[in-house]
Amino acid sequence: MVIYHSVVLQYLDAAARSRFATMIAAAGAETTASRPLAWLSYELASDESGYELVLAYWPGDAEGPWRPRLATAHPHGRWIEWQG
């Protein structure tokens, strides 16, 4: 399964963002190697330096999901800078 969203979290209040994160974590905890979960999000970076495309993938390891930043980009897609 893939969950994707783009520039939506900034419109939610803190309680709604917390509920959303809890739901994603619960879904991730239910994954198996044969039923993985990918979460692709394009949102404002936590340091508010710009927008970032991040992929979280379950099952992860003991420290949680695999979660690389794939790119940073203009909020309306005028440019994108792919990472590594």
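Here, each number is a calculation from the coordinates, and none is a lab measurement. All values derive from a computational prediction rather than experimental measurement. Here Cβ is always computed from backbone atoms with ideal geometry, including for glycine, and neighbour counts include all displayed protein chains.
Please tell me the relative contact order of the chain in percent, rounded to the nearest whole number, where contacts are Cα pairs under 8 Å and at least six residues apart.
Normalised by residue count, the contact order of the chain is 23 percent.
Roughly what angle does helix 14-29 make with the longest principal axis of the chain, taking Cα atoms, 0 to 90 degrees, to the nearest 10?
40 degrees
Taking the Cα centre of segment 2-82 as origin, sum charge times position over the Cβ atoms of Lys and Arg (+1) and Asp and Glu (-1), and report the length of that vector in debye to the nearest 20.
Dipole magnitude for segment 2-82 comes out near 220 debye.
Candidates (1) 13.4, 38; (2) 16.0, 48; (3) 18.8, 51; which is the computed Rg and Dmax of the Cα atoms in Å?
(1)
Just subtract the alpha-carbon distance of residue 21 and residue 9 from 0.36 nm times their residue separation and send over the number in nm, one decimal.
Taking 0.36 nm per residue and subtracting the Cα distance, the gain is 3.3 nm.
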